[in-house]
Amino acid sequence: MRARNAPILYHRMKSGKMPAMIWVLLDQSSATGTNEFADGVNNGPWGTALTTELIPKLEADYRMDARPSGRFLQGHSSGGWATLWLQTTYPRIFGGTWSTSPDPSDFHAFSTIDLYAPGANMYRRADGSPQPIIRMLKTVLGTMEQLARMESVLGSYGGQIGSFEWVFSPRGPDGRPLAMFDRQTGAVDPHVIAYWRTHYDISHTIEANWKTLKPDLRGKIHLYVGTDDTFYLDGSAHRLQSLLEILGGDGHFTFISSKTHFDLYGKGDDKDALFDQIAAEMYAVARPHT
């Protein structure tokens, strides 16, 4: 969650719309885009630093529960993916994640693209039509190729696609992350994707390690996404929901009709109303008898 949300949370708690809680707003931006607070060979051990250094320091200095039942995660978009990854990676540390419109948690649905399909291509579908990436309701506003070309012009740091590679990819011989796909043709590199799958495909991680994860992860995943998400992120959320249903993971998924990536939190004239629901659900876990 970004620091700009601090006044929103403060005033909602002050007005009684939300229960009083301590919110720690983390900045995941970096020179390479976003670090996602995920451990990686390119950006470094952000997840480890968060859970072994920052959180213990905060809990030593401030009046916090310092228990999993009082530690929660919440984030939107890339922050939504980050909170899912942290909850899955450290299920004993956190008492639940409330992730909204998360970046793809299942790489079978990387927006509109199945990265594992034979001959997967970021630019073209099997029938040769363009892969869309940005929509407004039913109207396509931009393709994946257009986004990649724009990032190539702007430079190799800080773009969304480049950010994914800095977090997810193995390191290349030049010290930079290996490209997930050929920027000229759009062809996906299956060797790089195999690395992505092992380390950062959240659905794969849950399925492969469910026997170990189940006691500490079951019931802790809460996800909200619009049915008309601007970047098609509802598709990946549906896949994660189906997986958890098969595994008995007790996931809590809310698909909000006609909402996009940018108006998900709104209800009526209140553009931030979803915060109240999320905070109330968190508080019910932390204080079940109040």
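Tell me, what is the FRET efficiency for residue 246 and residue 17 to the nearest 0.05, using R0 = 25 angstrom and their Cβ-Cβ distance as r?
It comes to 0.10.
Compute the helix-to-body angle for 190-200: its Cα long axis versus the longest principal axis of the chain, expressed 0 to 90° and rounded to tens.
In the chain, helix 190-200 runs at an angle near 0 degrees to the longest axis.
What value, in deg cm²/dmol to 500, does the helix sum -39500 (n - 2.57) over DSSP H runs of n ≥ 4 give at 222 nm once divided by the residues of the chain?
Estimated from H runs of four or more residues: -10500 deg cm²/dmol.
Residue by residue through the range 117-132, which ³J(HN,Hα) values in whole Hz follow from phi under the Karplus form 6.51 cos²θ - 1.76 cosθ + 1.60 (θ = phi - 60°), with glycine and proline marked x?
With the stated coefficients, the range 117-132 comes to 5, x, x, 4, 9, 6, 9, 10, 6, 4, 8, x, 6, x, 7, x Hz.
Through the Karplus equation 6.51 cos²θ - 1.76 cosθ + 1.60, θ set to phi - 60°, convert the phi angles of the range 42-54 into ³J(HN,Hα) values in whole Hz; use x for Gly and Pro.
Computed from phi, the couplings for the range 42-54 are 9, 8, x, x, 5, x, 5, 5, 4, 7, 9, 10, 5 Hz.
Can you list which of the chymotrypsin sites (Phe, Trp or Tyr not before Pro) found in the range 56-117 are DSSP loop residues with at most 12 other C-beta atoms within 10 Å?
62
Answer rounded, prolate or oblate for the range 46-103, using the Cα gyration tensor with square roots of eigenvalues a ≥ b ≥ c: rounded when a/c is under 1.5, else prolate when a/b is larger than b/c, else oblate. Write out the running numbers ahead of the final one.
Details: a/c = 2.03, a/b = 1.73, b/c = 1.17.
It comes out prolate by the Cα gyration axes.
Using a Förster distance of 30 Å, how high is the FRET efficiency between residue 62 and residue 277, based on the Cβ-Cβ distance and rounded to 0.05? Write out the running numbers ahead of the final one.
Details: r = 25 Å, r/R0 = 0.85.
That gives a FRET efficiency of 0.75.
Which whole-number percentage describes the relative contact order of the chain, with Cα contacts under 8 Å and a sequence gap of 6 or more?
Computed over the chain, the figure is 20 percent.
Please report the orientation-averaged projected area of the chain, defined via the convex hull of its C-alpha atoms, in nm².
16.2
Over the chain, with a Gaussian network built from C-alpha contacts below 10 Å, which listed residue (232, 265, 195) shows the highest mean-square fluctuation?
For the chain, modelled as a Gaussian network with Cα springs under 10 Å, the answer is 195.
Which of the lysines could a cross-linker span from residue 57 if the Cα-Cα distance has to be under 25 Å and same-chain partners fewer than 8 positions apart are dropped?
Straight-line reach from residue 57, under 25 Å: 220.
Go ahead and run the numbers for FRET between residue 285 and residue 187, Cβ-Cβ distance against an R0 of 41 Å, rounding to 0.05. Before the final figure, lay out each step's value.
On the way: r = 45 Å, r/R0 = 1.10.
Once the sixth-power term is evaluated, E becomes 0.35.
Could you give the angle, 0 to 90 degrees to the nearest 10, between helix 274-286's Cα long axis and the longest principal axis of the Cα atoms of the chain?
It works out to around 60 degrees.
What distance in nm lies between label points placed 7 Å from Cα along the C-beta direction at residue 253 and residue 174?
Output for this residue pair reads 3.9 nm.
At 7 Å along the Cα-to-beta-carbon direction for both residue 212 and residue 137, put a label point, then send me their distance in nm to one decimal.
4.8
How many nm is it between the label spots at residue 69 and residue 54, if each spot is 7 Å from the Cα in line with the beta carbon?
2.6
Working out 0.36 nm times the residue gap between residue 262 and residue 29, then minus their Cα-Cα distance, what length gain in nm do you get to one decimal?
82.0 nm
Under 24 Å Cα to Cα from residue 267, which lysines show up? Leave out anything in the same chain fewer than 8 places away.
14, 17, 138, 259
State, as an integer percentage, the relative contact order of the range 116-197 based on alpha-carbon contacts under 8 Å between residues 6 or more apart.
RCO, the range 116-197: 28 percent.
For the chain, set up a Gaussian network in which alpha carbons nearer than 10 Å are linked by springs, and say which option among 27, 127, 65 fluctuates the most.
Sorting by GNM fluctuation, first place goes to 127.
Indicate the gyration tensor shape class of the range 116-197 (rounded, prolate or oblate), computed on the Cα atoms with a ≥ b ≥ c the square roots of the eigenvalues: a/c under 1.5 is rounded; otherwise a/b larger than b/c is prolate and the rest oblate.
oblate
Taking Cα atoms, how many degrees apart are the long axis of helix 78-89 and the longest axis of the chain, rounded to 10 and kept between 0 and 90?
Between helix and principal axis, roughly 70 degrees.
Rule-based calculations on the coordinates, nothing more; no lab input. This is a predicted model, so every value here is computed, not measured. Counting neighbours? That spans all protein chains shown, and the Cβs are built from the backbone with ideal geometry, glycine included.
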